[in-house]
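A short worksheet on the structure shown next.
The values are calculated or read from the model by the stated rules, or taken from the named source; none is laboratory data. Here the structure is a predicted model, which means the values were calculated and not measured. Neighbour counts are summed over all protein chains in view; Cβ atoms, including those assigned to glycine, are modelled from backbone coordinates with ideal geometry. Side chains included, ligands, DNA and RNA excluded: accessible areas come from the protein's heavy atoms. Shrake-Rupley method; radii C 1.70, N 1.55, O 1.52, S 1.80 Å.
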Amino acid sequence: MTARLPVFPLGTVLFPGLVLPLHIFEERYRALVRHLVGLPEGAPREFGVVAIRAGWEVTLGAGRPGGDVTLHEVGCTAELRQVTELADGGFDIVTVGRRRFRIAEIDQGTAPYLTARVDWLPEPAGTDEAAGLLAARVISVFRRYLSLIRPDPQEISEQLPEDPTVLSHLVAATAALTVGDRQRLLAIDDTAARLRAELRLLHRETSLLSHVRAVPVPLSELAGPPAPN
């Protein structure tokens, strides 16, 4: 099943169920918020968040997005939950990740902001035995990981969800991973496969932290300015 969505390129990865607050100051994204707020009651107020693979956004005439930027193919919709209009015409908004998609085609000319034709990606309907067993292992390693990076890990570890799919998204969003690592996790359709990948990443990060008390960040992620909101 396909749909057309407004697209918001960001230097981060959004996962289903996770909260993403944004400060909206560029006119093209102000227009996007006004469009969403003006939709009929009951219509889904959501846009696609897609991580930038390379480069960063710039503005080309008439406020249209362009420039030397490459987007990842898989993103997640952000559902608009709260809007605060500011005195300067901007917005502070709160969104929640809802559903994953794969970009089929980008359109830069229809609206002031990017839009895309997207294909919805499947989500597991239930919990299989493998995912349940892996979830228990991920929780154990994740708690160990949290004890190394947070002064009081108890606050988060007590709130870890039992549902394997929800857990997999929370771990991917909360662990101090690179955008590339997070993007690869987002693109995995199967919960058990995502949890297996997270186990490998958590073991890697826990080992690094235990030995050097630091998590390396690729130079490519420090090479450019942050993506505009």
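Quick rundown of the values:
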{"item": "Residue in the range 11-55 that is most open to solvent (accessible area, probe 1.4 Å), counting only those that are at positive phi and part of a loop (DSSP other than H, G, I, E, B)", "result": "42"}
{"item": "Residue list for the range 158-175, restricted to those being part of a helix (DSSP H, G or I) and of a type in the set (A, V, I, L, M, F, W, C)", "result": "166, 167, 170, 171, 172, 173"}
{"item": "Which listed residue, of 144, 102, 150, is surrounded by fewer than 20 Cβ atoms within 10 Å (Cβ to Cβ) and either among the small types (Gly, Ala, Ser) or modelled with pLDDT of 95 or more (or both)", "result": "102"}
{"item": "Any hit, the range 113-125, residues being farther than 30 Å from residue 206 by Cα, at pLDDT below 90 and not hydrophobic (A, V, I, L, M, F, W, C)", "result": "yes"}
{"item": "Qualifying residue in the range 25-43 (condition: under 13 Å from the mean Cα position of the chain (by Cα), more than 15 Å from residue 107 (Cα to Cα), among the aliphatic types (A, V, I, L, M) and modelled with pLDDT of 95 or more)", "result": "no"}
{"item": "Positions within the range 107-123 being buried (at least 16 other Cβ atoms within 10 Å of the Cβ) and not small (Gly, Ala, Ser), in sequence order", "result": "112, 113, 114, 115, 118, 121"}
{"item": "Filtered residue count, the range 113-130, keeping only those that are touching a Pro at 6+ places or on another chain (Cβ under 8 Å) and part of a loop (DSSP other than H, G, I, E, B)", "result": "4"}
{"item": "Residue within the range 170-188 that is modelled with pLDDT under 95, under 21 Å from residue 16 (Cα atoms), among the aliphatic types (A, V, I, L, M) and surrounded by fewer than 18 Cβ atoms within 10 Å (Cβ to Cβ) present", "result": "yes"}
{"item": "Candidate set from the range 68-91 (those that are over 19 Å from residue 166 (Cβ atoms) and touching a Pro at 6+ places or on another chain (Cβ under 7 Å)); member that is surrounded by the most Cβ atoms within 10 Å (Cβ to Cβ)", "result": "71"}
{"item": "Test: residue in the range 211-229 that is modelled with pLDDT under 75, open to solvent by 30 Å² or more (accessible area, probe 1.4 Å) and in contact with a strand residue (DSSP E or B) (Cβ under 6 Å, 6 or more places away or on another chain)", "result": "yes"}
{"item": "Residue match in the range 76-99 (condition: of a type in the set (Val, Ile, Thr), at pLDDT below 95 and in a strand (DSSP E or B))", "result": "no"}
